[in-house]
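Here the structure comes first, spelled out in structure tokens, and everything after it is commentary.
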Amino acid sequence: VDQIKKANLARLERPELVTASLIVAYTRDMIARRELPPDEQAVKRRKIEQVLARLRAGEDFAKVARELSDDPEALRTGGEYTAPRGTIPFPELEAALFALPINQTSDIIKTSVGFYVARVHQRTAAGKVPFAEVEPDIRNLLLTQEVEKRLPAYYENLKKEYQVQILTRANRG
């Protein structure tokens, strides 16, 4: 167990995580990958301002996200996402998510792709995951590796024992 533990120390590292709900109004055409014209960007800005007003008036975040977010995943998730620090592609958004007080709605966050409104539900500090939590995963990984290593020889023994011949078009004659 100590050898396994030492060999898999990286699996014991847990990055800082944030769980938040997001609503986005894109200012870029996400298919053509180009900026929207200024008049369309202004429409998106008014849309996100209306979103923010509804949230501050107490409407349910998930309901508003499903109704108004430009992110197609919001229909499924209600806008809720979990991400480790360093993986959020927009520095302004990441900074806001890791600074915003829990359960507080953000102001409008401008990024290179659009306007966001966020509400952070939870943050999990970086640290070591207790070995007991990852031991089953590590055990399964090592077991899978061992099986993959032994399978070719096992198949060869089966072919010899049962005199299996694999015929291809080239050697069917």
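Things worth noting here:
- Set Leu55, Leu100: member being open to solvent by less than 60 Å² (accessible area, probe 1.4 Å) and over 24 Å from the mean Cα position of the chain (by Cα): Leu55
- Scanning the range 133-165 for residues that are farther than 18 Å from Asp2 by Cα, open to solvent by 100 Å² or more (accessible area, probe 1.4 Å) and either hydrophobic (A, V, I, L, M, F, W, C) or in a helix (DSSP H, G or I) (or both) yields Glu148, Lys149, Arg150, Tyr154, Tyr155, Lys160, Glu161.
- Evaluating Val1 against the criteria (1) open to solvent by 90 Å² or more (accessible area, probe 1.4 Å); (2) at pLDDT 95 or above leaves one unmet condition, (2).
- Pair list, Cβ under 8 Å, 6 or more apart: the range 79-96 residue within 11 Å of Ala20 (Cα to Cα), other residue part of a helix (DSSP H, G or I) and among the basic types (Lys, Arg): Gly79/Arg66
- Subset of the range 38-52 (residues that are open to solvent by 60 Å² or more (accessible area, probe 1.4 Å) and closer than 12 Å to Asp107 by Cβ): Glu49
- Picking from residues in the range 103-120 that are assigned to a strand (DSSP E or B) and free of Cβ contacts under 8 Å to residues at least 40 places away in the same chain, the one that is surrounded by the most Cβ atoms within 10 Å (Cβ to Cβ) is Ile109.
- Single condition Arg123 does not satisfy, out of (1) outside any strand (DSSP E or B); (2) at pLDDT 90 or above; (3) farther than 30 Å from Asp29 by Cβ: (1)
The values are calculated or read from the model by the stated rules, or taken from the named source; none is laboratory data. In this text the structure is predicted, and so the values were computed from the model without any measurement. Neighbour counts run over all protein chains shown; Cβ positions are idealised from the backbone, glycine included. In case anyone asks, the SASA skips ligands and DNA or RNA and just uses the protein heavy atoms, side chains included. Shrake-Rupley method; radii C 1.70, N 1.55, O 1.52, S 1.80 Å.
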